[in-house]
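K.L.:
Next up is a structure, given as structure tokens.
Computed from the coordinates by the stated procedures, all read-outs in this text should not be read as laboratory data. Please read all numbers here as calculations on a predicted model, not as lab measurements. A quick note on method: Cβ atoms are made from the backbone with ideal geometry, for glycine too, and the neighbour counts reach across all protein chains shown.
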Amino acid sequence: KNEVEQSPQNLTAQEGEFITINCSYSVGISALHWLQQHPGGGIVSLFMLSSGKKKHGRLIATINIQEKHSSLHITASHPRDSAVYICAVPHYGGSQGNLIFGKGTKLSVKP
Amino acid sequence: EAQVTQNPRYLITVTGKKLTVTCSQNMNHEYMSWYRQDPGLGLRQIYYSMNVEVTDKGDVPEGYKVSRKEKRNFPLILESPSPNQTSLYFCASKLGSGANVLTFGAGSRLTVL
């Protein structure tokens, strides 16, 4: 059964700063999700990755399968990036059906 | 527009009064799932379905029922709601059983008095 740890729990940054959010898990997986939850409550899927690195605009996600660790980076952060970022992995490793979620990282970017 | 639609978005009810939260997707996704989100506990999976007529328990299935009679719909049924089921509920879907991105509904805030 997988366990997920995210760090930091809370993060305050100044506009323009480079942000890193970390996610570690205990059981080997086939893929990991990064989600973004806006202050209004809606959840958007940012990335699903199984190896290496993915980039979308100012967001970059990396995963190291051997180390059981993933990072989400935000370059040139902006106040609109303020949100809770959540990682999710399969609860029992292989199957993508049963997911377990990290507690989230609350990011606040000040102008 | 490709989307997952949940209804109702907000509901206040009383203990023991059966209710159903509907979830519908228009993307022909095989996989659908329900989650609840509580302060300090984060998101937790209630039930999921890999395809029509196939459902499985997540981490917190007690007090909930689901059905998947057709591909587009995955209703969440609370037969006898209790105050500890007060929560924010999300439905999500994705293509196939493999590693694909999830699409979430807007959420349903349920209060049980």
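K.L.:
Could you check A:Val89 against (1) in a loop (DSSP other than H, G, I, E, B); (2) in contact (Cβ under 8 Å) with a residue 60 or more places away in the chain; (3) within 12 Å of another protein chain (Cβ to nearest Cβ); (4) not polar (S, T, N, Q) and say which number it fails?
P.N.:
For A:Val89, the failing item is (1).
K.L.:
Additional query: Would you mind listing the strands (runs of 3 or more DSSP E) fully within the range B:33-113 where at least 2 residues are within 29 Å of B:Glu1 (Cα to Cα), of a type in the set (Gly, Ala, Ser) and in contact with a Ser or Thr (Cβ under 7 Å, 6 or more places away or on another chain)?
P.N.:
B:87-94
K.L.:
Could you please find all residues in the range A:23-72 being buried (at least 16 other Cβ atoms within 10 Å of the Cβ), touching a residue at least 40 places away in the same chain (Cβ under 8 Å) and touching a Ser or Thr at 6+ places or on another chain (Cβ under 7 Å)?
P.N.:
Those that are buried (at least 16 other Cβ atoms within 10 Å of the Cβ), touching a residue at least 40 places away in the same chain (Cβ under 8 Å) and touching a Ser or Thr at 6+ places or on another chain (Cβ under 7 Å): A:Cys23, A:Ala31, A:Leu32, A:His33, A:Leu35, A:Lys68, A:Ser70, A:Ser71.
K.L.:
Here is a list of conditions, (1) within 11 Å of chain B (Cβ to nearest Cβ); (2) farther than 14 Å from A:His33 by Cα, and A:Gly102 meets all of them except one; can you say which number that is?
P.N.:
With respect to (1) within 11 Å of chain B (Cβ to nearest Cβ); (2) farther than 14 Å from A:His33 by Cα, A:Gly102 is out only on (2).
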